[in-house]
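The structure under discussion appears below in the form of structure tokens.
What follows is calculated from the coordinates using simple rules that are stated; it is not laboratory data. Keep in mind that this is a model prediction, so the values were computed, not measured. We place every Cβ from the backbone using ideal geometry, glycine too, and count neighbours over all the protein chains shown.
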Amino acid sequence: MRFGIAGVVVGLALAACPASDAPIEPPSPDVPPPPAPSPLIDRLHRPPVLGDEASASLREAVRALEQAVPASPVVGDARPPLAERPTGPPLGGGTLYAMFTHQLVSGAPEEKGQTAERLLRVEPSLRLAPDGSATLTFETLRPVPAATVYFGHRLPQDPLGLPRYRQRSAAMEDRADVPGGHRYVVRLDTKRVLRPRYDAAGVLRKKRGVLAWRLEMLDALEATSRVVDGETAFRCDPCQGSAATFVQLPSLRLGPFVDLVRTTSAVVSFATDAATAASVAVFPEGREARLVASPAPGTRHEVVLGGLEPGTRYRYQPVLLDARGEVHVHRGGTFATEPEALSRFELVALSDSRSGLGPADAQYGGTNAEVLRGLVQGAIARGDPRAIVFVGDLIDGYTTWPRSYAFELEMWQRAVQPVHAHVPIYEVMGNHESLLDLWANGWAAAQTGPSAESVFAETFVNPEGGPDAAPGAPPYEENTYSFDLGNAHLVALNSNYRYRSHPGQDGHPGGPAGNREGWIDDATLAWLDADLAGARGAGQRHLFVFAHEPGFPNGGHVQDALYWNGEVPEVLAQRAKLYGILGRHGVTAIIHGDEHNYSRLLVDAEILGAPMERPVWQLISGGAGAPYYAQDREVPWSAEVAAFDTRQHYLRVLVDGDACVVEAVSREGGRIDRFDASEGR
């Protein structure tokens, strides 16, 4: 994510274990684990958040800064519509199905249309009145028969700051039909959660608090419910009785998130519900906080924290100032800078969290938040990851609307935020991260608006330094990148760059430009070759590459990915180029998603059908919530698959010097697979 400011430019890359010419035999699953540190979650209270007196001093210090804050937007203002780029009528009920199955719909080829929208037209916004009553307003594209708002607090004892709801309100009014939709209001009384027996957050004592809320809407057309979460900060004096007086404070819409954590620096990003001049207070245990200002006022902030000490755990807390002079100090999160020499650490990887089948949290604005939250929270409850890599298909995507696409990415961010406040997450694009133009006989990466790649880069904070894009083409920045983590080098590739349904067909609307699903282009491969050579030259011991689409799919994506049923010669040639590069540089593993399962395959020259200096593990980890795929036992390499499982899961990569062990861990915490990735290399 780049909010129009200069970011930290950090060289990053995925790594592999030391290489040799000897082939790797599938090792025993009884690899002894290295001694485990205490789970990360046990350390998230340290350092503790600032006390009342220190927070008051921060508020005064921020008010004293001479910063011109824009007058709008203000707290409680509605967000812009999600569907703001009309391109024609929807192409019929079969359109989305056709997109997912590579079939065509009826109609003249030049007939241009749009994807169907979900339910929300405008995101919910909450406005707090001086008497403590509140109105939550939202707009939908079709009528909603009922809605409920649950509200409560984030309790200080919870290391992840998870919301705890204590009251509900179903007092919904249909205020008006609006152009393109329907506007609704739900009324709630904030004072109901401030009664002494409910005030576990200490609002009555501090005279400040944060109202956590969840809107649940009944979607009659789909016979399910839809939910959106938020929080609203306030101050009150007094906070109870007929004389109660409340003031709504600027609040975080998104975040905070910590990224790009290095030995002496880190990046903290967040978005606010009003225009603010923002700072971040950062401090290690037992030390005074220092303020680091965001470069410019606005609603999005990306703050570079420099001058940090290696190997130190820090607490950070965003501090927001709006045009009225009102200030809110957020609880923030923690992070640990890398030590000068990091050769023992844990990395987590997972993929495919787009909507599943089930209740509201399985269809959380395009994300299976129920499973995704369980996996990332389980990873820090059972282990101590330095970073998480998410290898694509975060959301449902496949939309015509840039704001709708951005909203789905933001809902994914909300799902992982309790962990992302403490652990860097590196996001990789998948085929569902698609923003497209639609015709009756296919679709293509957006030709008349922002690209999926540019919106992705605006949303997330990832390393820079990818390949140079051709004039007029989407950027590679922050979707193709590399970084170092200790003695490992990690590389993220975009295997769906300029994705379209009919690449190379001059008769297709929009012209022949674009790539088929799973394609990794020559510019990316040339950059990858040079990047891996540089990492090896710098002495990095372990090399890992991440790309959403596998070269050797095993289930629902045999007909595409970087295989296409083995029937497209140029696809197989491109796959051979990719694996030739991986083998030449001794990459330990290439980690994919796309297939909604887990599998492990050792790819060598015989399986590849082309020269390859060293074998490479292909790991598929697509178990973060999307509907499952069974194993295809007809693919030529099926007998060589060393492990396969359909359980929801994540990968743990455990590096200890020259040793490298990989585990697949189920959602419940069970071991699916474990192998020594450094054996024989």
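The mean sequence separation of alpha-carbon pairs under 8 Å and at least six residues apart, normalised by the residue count of the range 362-510, gives a relative contact order of 21 percent.
Applying 1/(1 + (r/R0)^6) with R0 = 51 Å to the Cβ-Cβ distance of ASP658 and ASP131, what FRET efficiency is obtained, to the nearest 0.05? Spell out each step's value before the answer.
Values: r = 66 Å, r/R0 = 1.29.
The formula returns an efficiency of 0.20 here.
Taken over the alpha carbons of the range 117-248 as equal point scatterers, the Debye sum produces base-10 log I(q)/I(0) values at 0.10, 0.13, 0.16, 0.22 Å⁻¹ of -0.34, -0.56, -0.79, -1.24.
Considering all C-alpha pairs of the chain, those separated by over 47 Å amount to 16%.
Each eigenvalue of the Cα gyration tensor of the range 600-673, multiplied by 5 and square-rooted, gives one semi-axis; in descending order these are 23, 19, 8 Å.
Here the alpha carbons of the range 497-596 define both size measures, Rg and Dmax, at 14.9, 50 Å.
For LYS577, no lysines have a Cα closer than 25 Å to its Cα, not counting residues fewer than 8 places off in the same chain. Each of THR148, THR334 was scored by other Cβ atoms within 10 Å of its Cβ. Arranged with the fewest first, they read THR148, THR334. The angle between the Cα long axis of helix 569-584 and the longest principal axis of the Cα atoms of the chain comes to about 80 degrees, rounded to the nearest 10. Three principal axis extents of the range 345-676 based on alpha-carbon atoms, in descending order, are 52, 48, 41 Å.
Annotation: lysines with alpha-carbon distance below 18 angstrom to LYS206 (same-chain offsets under eight excluded): LYS191.
Only Lys, Arg, Asp and Glu count, each charged at its Cβ (+1, +1, -1, -1), so figure out the dipole size of the range 215-361 about its Cα centre, rounded to 20 debye.
Details: 13 positive and 19 negative charges, 81 e Å.
My answer is approximately 380 debye.
Rounded to the nearest 500 deg cm²/dmol, what is the calculated helix-only ellipticity per residue at 222 nm for the chain, with -39500 (n - 2.57) per DSSP H run of length n ≥ 4? Walk me through the intermediate numbers first.
Details: 9 runs with 101 residues, N = 681.
Calculated at 222 nm, the ellipticity per residue is -4500 deg cm²/dmol.
Looking at the square roots a ≥ b ≥ c of the eigenvalues of the Cα gyration tensor of the range 261-359, which shape do they give, rounded for a/c under 1.5, prolate if a/b is larger than b/c, or oblate?
Details: a/c = 2.34, a/b = 1.11, b/c = 2.10.
It comes out oblate by the Cα gyration axes.
Against the longest alpha carbon principal axis of the chain, how many degrees, from 0 to 90 and to the nearest 10, is the axis of helix 52-64 turned? The angle comes out near 90 degrees. Principal axis extents of the C-alpha atoms in the range 521-662 (largest first, rounded to whole Å): 41, 37, 25. Can you give the net charge of the other residues whose Cβ lies under 13 Å from the Cβ of GLY333, counting K and R as +1 and D and E as -1? Spelling it out: positives minus negatives among the neighbours equals +4.
The mean sequence separation of alpha-carbon pairs under 8 Å and at least six residues apart, normalised by the residue count of the chain, gives a relative contact order of 17 percent.
Its relative contact order, with pairs defined as Cα atoms under 8 Å and 6+ residues apart, puts the range 345-676 at 18 percent. Extension gain for ARG290 to GLU53 (0.36 nm times residue separation, less C-alpha to C-alpha distance): 83.8 nm. Peptides 130-142, 265-277, ordered by how many other C-beta atoms sit within 10 Å of their residues on average, highest first, read 265-277, 130-142.
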